[in-house]
Amino acid sequence: MKTKIIIVLTAIILVMGYFLWRQAREMPRKPAAAKRQIIHPAAVTQKPAPVVAIVMDDFGYNTNSLAALFAIRAQVTLSILPNLPYSTAIAREARAMGHEVILHLPLASHRKEVREETDTINSNMAPGAVLAKLDAAIDSVPALKGVSNHMGSKATEDFRLMELIFGRLKKDGLFFLDSLTSKRSACKAAAKTIGIAYGRRDIFLDNSTDPESIRKQVL
């Protein structure tokens with residue numbers, strides 16, 4: 001839908017520019033002494049087409065879905081949980097297949113009913129403990145380009161914690177993708193303060209397993 005709107009607006013601008021140019025050409029010329037330079041409408045440049053990035057989370061426990069994923073032959077980013085039996089192997093295979101790899105970093109959640117990952121980082125940890133867990137997580141997912149948060153509705157609200165984490169990511173030139181599990185996420189502000197690339201997800205496609213519902217969200 002966004003692409004159609006951009007195309008229509010661009011067409012309107014081009015048409016208006018053409019008629020303004022014709023009108024300027026047809027205006028009567030003044031004597032040489034009073035000549036003025038005719039300024040033509042500025043060249044219209046089209047905006048870049050919208051880009052969709054698909055990120056698949058929670059890899060690392062097994063390799064059951066890899067064959068089906070790689071058979072799609074489309075660019076997909078794999079977000080891999082750290083320090084699991086297949087974290088490192090999946091990262092290497094995905095990179096060999098030309099896919100982008102990022103770390104799916106476990107962060108503390110407000111949801112007490114959900115089991116946290118063993119290596120979850122929370123606000124109660126000392127800075128040294130946070131960085132030690134983060135270093136181990138990064139080391140377990142080779143060739144990663146960035147980091148996203150697994151869970152994290154509580155941790156991502158903590159500006160100081162995210163600032164500490166982002167300071168470490170900056171050393172390796174890694175970006176952060178905010179899963180936006182909290183509307184009060186402090187990640188964007190912390191990323192700006194530290195100076196790392198930041199993005200955030202638009203929609204979750206797995207809230208429903210119905211293909212039609214997923215199709216509607218994509219469109």
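Key figures
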read-out: For the stretch 63-219, Kirkwood radius (reciprocal of mean inverse C-alpha pair distance, Å); value: 16.3 Å
read-out: Cβ-defined net charge surrounding ALA189, 13 Å radius [Lys, Arg +1; Asp, Glu -1]; value: +1
read-out: Theoretical FRET efficiency, 1/(1+(r/R0)^6), r = Cβ-Cβ of ASP172 and ILE203, R0 41 Å, to 0.05; value: 0.90
read-out: Student exercise, the stretch 148-219 dipole from Lys, Arg, Asp, Glu Cβ charges, in Debye to nearest 20; value: 320 debye
read-out: Restraint check, LYS133/LYS183; LYS145/LYS171; LYS47/LYS216; LYS133/LYS171; LYS112/LYS188; LYS47/LYS192, Cα-Cα greater than 23 Å; value: LYS133/LYS183; LYS47/LYS216; LYS112/LYS188; LYS47/LYS192
read-out: Candidates per chymotrypsin sites (Phe, Trp or Tyr not before Pro) in the stretch 61-99, loop by DSSP, up to 15 other Cβ within 10 Å; value: TYR61
read-out: Nearest-20 debye value, the stretch 83-219 charge dipole, Cβ charges on Lys, Arg, Asp, Glu; value: 420 debye
read-out: Among SER140, THR181, MET162 - extreme Cα towards positive end, dipole of the stretch 101-210, charges at beta-carbon; value: MET162
read-out: Rounded to the nearest 20 debye, dipole of the stretch 43-117 from Cβ charges on Lys, Arg, Asp, Glu; value: 180 debye
read-out: Probe 1.4 Å - accessible area at LYS170, Å² to nearest ten; value: 110 Å²
read-out: Per-residue SASA entry for THR88, accessible area with 1.4 Å probe, Å² rounded to 10; value: 50 Å²
read-out: Sites ARG111 and GLN46 - FRET efficiency at Förster radius 35 Å, r taken between beta-carbons, to 0.05; value: 0.20
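The values are calculated or read from the model by the stated rules, or taken from the named source; none is laboratory data. It should be emphasised that the depicted structure is a prediction, and the values quoted were computed from it without experimental measurement. With ideal geometry, Cβ positions are generated from the backbone for all residues, glycine too; neighbour counts draw on all protein chains shown. When the accessible area is computed, the model is the full protein with side chains, heavy atoms only, and any ligands, DNA or RNA have been set aside. Shrake-Rupley method; radii C 1.70, N 1.55, O 1.52, S 1.80 Å.
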